[in-house]
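Before any comments, here is the structure.
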Amino acid sequence: MSFIDKSAEELKKFGEKKSKEYATAAPFPNISFDNFFLPEKLKEILEEFPDLSKKPDIKFNDDNQIKRASRGEGRFGEKTKHFMHYMNSEPFLEFLSALTGIENLMPDPSFEGGGCHQIFPGGKLAIHADFNKHPKTKLDRRLNVLVYMNEDWDESYGGHFELWDIEMKGAVKRILPLFNRMAIFSTTSTSYHGHPDVLTCPPDRTRKSLALYYYTNGRPEEEINDAHLTLFKDRPQDAGRPKYKKPSKLKKVVRALTPSFLKKSR
C-alpha cells in the first residue's frame, strides 16, 4: 500500500535534498512539509480516527497539559495501522536518516507516548522537552514526527505547534496544524516545543495528530544527559501562574469513595 507518490529511492533523494534546510533551521533542527502524503489515503485514516472523548487510553488534565492519547495499536483502525507501519518501515527510516543525518534510526513498534493524539477545545500542551530514553528499551530518543489531521482548520482556532529557543525568550517558529502537514524535529533535552495556548476551535472540532518517535542506541556526546521524563518550561507570560498540585493519596482515596453525584464538576 502506497501512501506517497515517490519510490523509496526518490524519497531518500528528497531527504538528502532537504537535509541542509533541516540542519540549519532555528531554533534546533526541524522542518515541515505540506501535502507530503496522498490526500485520499490520509482522509481514509482520518475517517477512522478514534473518538478519544470516550474512554481514552491516556488522559492528561493538569497545569501543563490537557489532552488525550491512544496507547499502542489498540485504537488504530486497519488503514491507520498500515500507515503507522509504513512510517516505521525501512524506506521511511532511510528518508529520515537522509534528511536528519541521524544514522541507524530505530522505530518504536509499541508507540510509547505516540499514536493518536487529540486535544479538545480548552486543551493545551505546555512548552517542554520530551523524555529522552525509551522507558522499556532504554534507547535514546532522537526524532519526532507529527502528522496533522485537521481539515479546514482556521488560524483563529489556534493549536499552533511552537518551537522555542533554549533561553525560553520566545517562539522562533509556529506551525498551524493543517491537514496533511508533517512536522519533523530532533529531540534533545533542550528542544523546547509544544502547543501552549488554549485551543479555541468550535466545540464540535478537535485538534488531531499522529505522533511517531524514533530512537538510536547512543547519541552524540554533546547531547548526552541523565535520563529524564518530560521537562516542562514556563514561558515569560506564564511566570507566577498557579501550579497544579497532584492530589495526595488520601485525597485520591476519598475521591474514589465519594458518590459521583456529590462530586463537584471541574
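Read-outs throughout are calculated quantities, based only on the coordinates presented, and are distinct from any laboratory measurement. Given the structure is predicted, the values throughout are model-derived calculations rather than measurements. Note that each Cβ is placed from the backbone with ideal geometry, even for glycine, and that neighbours are counted across all protein chains shown.
With point charges of +1 on the Cβ of Lys and Arg and -1 on the Cβ of Asp and Glu, referenced to the Cα centre of the range 8-256, which listed residue (F232, G15, S156) lies farthest in the positive direction of the dipole?
F232
Which of these, L125, L231, L105, has the largest mean-square fluctuation under a Gaussian network model of the chain (Cα springs below 10 Å)?
Fluctuation is largest for L231.
Going by how many other beta carbons lie within 10 Å of each one, how would you line up E155, E112, fewest first? Could the numbers behind the result be given before it?
On the way: E155 9, E112 17.
Fewest to most other Cβ atoms nearby, the residues stand as E155, E112.
If you add up the charges near F179, with Lys and Arg at +1 and Asp and Glu at -1, over every other residue whose beta carbon is less than 10 angstrom from its beta carbon, what do you get?
Numbers: positive: K43, R181, K208; negative: D34, E151, D152.
Residues near F179 contribute 0 overall.
Test of understanding: in a Gaussian network model of the chain with alpha carbons linked when under 10 Å, which of K17, K136, K59 would top the mean-square fluctuation ranking?
Of the options given, K136 has the highest mean-square fluctuation.
Past 19 Å, Cα to Cα, is the threshold; run K169/K233; K133/K173; K124/K173; K81/K173 against it and keep the listed order. Can you show the working numbers first?
On the way: K169/K233 11 Å; K133/K173 26 Å; K124/K173 17 Å; K81/K173 31 Å.
In this structure, K133/K173; K81/K173 exceed 19 Å between Cα atoms.
So which residue, out of T190, T137, T216, gets the largest mean-square fluctuation from a GNM of the chain using Cα contacts under 10 Å as springs?
T137
Kirkwood Rh over alpha-carbon pairs of the range 103-191, then Stokes-Einstein at 25 °C and 0.890 mPa s: what D in µm² s⁻¹, rounded to an integer? It would help to have the intermediate numbers written out before the result.
Values: Rh = 14.8 Å.
Here the translational diffusion coefficient equals 165 µm²/s.
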